[in-house]
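Chemist: Dropping a structure here in structure tokens format, bear with me for questions.
The values are calculated or read from the model by the stated rules, or taken from the named source; none is laboratory data. If you're wondering where the values come from, they're calculated on a predicted model, not measured in any experiment. Here Cβ is always computed from backbone atoms with ideal geometry, including for glycine, and neighbour counts include all displayed protein chains. Accessible surface areas use protein heavy atoms only, side chains included; no ligands, DNA or RNA. Shrake-Rupley method; radii C 1.70, N 1.55, O 1.52, S 1.80 Å.
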Amino acid sequence: MNRKRLITIIDSYGADAARWPEAERAAALAELSRQPDAEALLAPAGSVDAALTRLKAETADMALPPGFMAGLRSVPVTVRQRRGWIEVPDWLKAWPQLSSLAAAMMLAGFVVGTVLPTEQPTVEIEMGLALYGTSSNSEVGS
Amino acid sequence: MARLMYLKGDMPYAQGSGAARGEEATDEALYERVAGGDAQAYRTLVDRHAGPQARYARRLLGNADDAQEVVQEAFLRVWREAGRWQAGQARFSTWLYKVVTNLCIDRKRRWRVLFTDAPPEETDDAPGADGQMMAAEQAAALQDCLQELAPRQKTAILLCYFEELSNREAAEIMGLTVEALESLLTRGRQRLRGLLAGRGIDKTDWYNESQETHHHYR
């Protein structure tokens with residue numbers, strides 16, 4: 001520790017020794033006590049410290065909007081829904097048996113539709129589309 | 001509440017269970033469970049870190065809405081990238097700070113917010129009759145000054161002063177040596193002092209307040 005290093009510490013971390021690097025704090029305080037202009041070394045840093053302390057207090061409370069935390073917590077659900085080959089509409093999710101049946105019908109409809117030489121969708125595909133409906137996946141945070 | 005079904009054979013997670021186990025576990029232990037698909041462990045991490053990270057991002061971006069979007073993206077990555085987590089490599093909190101910091105920096109670049117070392121513009125705020133700004137005006141001026149710092153200077157100050165991280169941890173988050181971090185801190189603090197003076201904030205007040213702080217260490 002020397003004067004040059006002490007000045008670097010003060011310029012970097014401020015006048016409050018509690019914020020100085022722990023490993024160097026004791027040596028820096030000892031070096032500070034040997035400086036005849038210690039007050040002058042600390043004053044500029046102290047003024048910035050006071051401003052930062054004030055600003056920290058002013059921005060300490062951040063009110064999060066309703067549903068923000070709930071949205072974050074639901075991320076695993078949202079991601080799993082998006083990974084599914086077949087997205088199940090919300091109204092169908094409470095009916096496990098129908099969900100599986102709907103998935104099977106949609107897959108069958110797709111297979112039939114691709115095999116039969118027709119320009120019109122097959123009945124099976126139409127049924128699958130009707131059951132599929134509109135995706136209602138919620139975005140994270142909504 | 002309707003139970004949610006997963007057609008790809010995902011195991012439905014247990015809602016509301018394991019809270020006691022989650023509260024006692026370290027972040028790293030929880031994240032290892034998240035890698036195994038433990039949604040409750042994930043939610044414990046959300047409860048611990050989302051609020052502080054939102055506050056940090058807000059200070060870094062200067063905008064609450066942007067900060068919330070950053071945190072949402074960060075925790076989406078927390079869930080998706082859990083499988084790549086290597087125990088013992090880094091602290092979870094350090095990694096999360098790094099993710100949030102980089103997302104904030106990317107957002108700033110995307111919106112082309114420029115920070116220069118040019119002198120601050122003259123403001124229209126005129127001091128009151130007694131030469132002192134009102135407290136609310138001073139607070140707003142302080143926030144403006146912080147937002148005028150160069151992004152890396154501001155990040156260094158936020159991590160060390162506001163988040164109270166050690167210099168080593170802050171340097172790791174920013175991908176710097178401690179010496180480089182200290183250089184950013186020094187330049188950022190010097191710049192801040194100049195901005196405060198340029199805003200007409202009474203330097204005497206700040207100095208007198210600071211005396212009360214560092215007298216404890218004389």
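Chemist: Can you find a residue that is modelled with pLDDT of 70 or more, under 17 Å from the mean Cα position of the chain (by Cα) and more than 17 Å from A:T59 (Cβ to Cβ) anywhere in segment B:139-151?
Modeler: Yes, segment B:139-151 contains at least one residue that is modelled with pLDDT of 70 or more, under 17 Å from the mean Cα position of the chain (by Cα) and more than 17 Å from A:T59 (Cβ to Cβ).
Chemist: Could you list all residues from segment B:39-71 that are without any contact (Cβ under 8 Å) to a residue 60 or more places away in the chain, at the interface with chain A (Cβ under 9 Å from one of its Cβ atoms) and surrounded by 20 or more Cβ atoms within 10 Å (Cβ to Cβ)?
Modeler: Once the filter is applied, which keeps residues that are without any contact (Cβ under 8 Å) to a residue 60 or more places away in the chain, at the interface with chain A (Cβ under 9 Å from one of its Cβ atoms) and surrounded by 20 or more Cβ atoms within 10 Å (Cβ to Cβ), segment B:39-71 yields B:A39, B:Y42, B:R43, B:V46, B:A50, B:A54, B:R55, B:R58, B:A67, B:Q68, B:V71.
Chemist: I would also like to ask the following. Would you check if B:A74 is open to solvent by less than 10 Å² (accessible area, probe 1.4 Å), among the small types (G, A, S) and over 23 Å from B:R168 (Cβ atoms)?
Modeler: So B:A74 fails the test.
Chemist: A follow-up question, please. B:R168 - would you say it is open to solvent by 40 Å² or more (accessible area, probe 1.4 Å), part of a helix (DSSP H, G or I) and more than 8 Å from chain A (Cβ to nearest Cβ)?
Modeler: Yes, satisfied.
Chemist: Could you list all residues from segment A:9-42 that are within 9 Å of chain B (Cβ to nearest Cβ), surrounded by fewer than 17 Cβ atoms within 10 Å (Cβ to Cβ) and not charged (D, E, K, R)?
Modeler: A:A18, A:P21, A:L29, A:S33, A:A38
Chemist: Collect the residues in segment B:176-190 that are in contact (Cβ under 8 Å) with a residue 12 or more places away in the chain and open to solvent by 40 Å² or more (accessible area, probe 1.4 Å), keeping them in residue-number order.
Modeler: The answer is B:R187, and nothing else.
Chemist: Across segment B:28-38, what is the total count of residues that are more than 9 Å from chain A (Cβ to nearest Cβ) and surrounded by fewer than 20 Cβ atoms within 10 Å (Cβ to Cβ)?
Modeler: Residues meeting the conditions: 5.
Chemist: Show the residue pairs that are 6+ apart or on different chains and have beta-carbon atoms under 7 Å apart, the first residue being within segment A:6-30 and modelled with pLDDT of 95 or more, the second being of a type in the set (K, R).
Modeler: From residues that are modelled with pLDDT of 95 or more, the pairs are A:D11/B:R189; A:Y13/A:R19; A:A17/A:R25.
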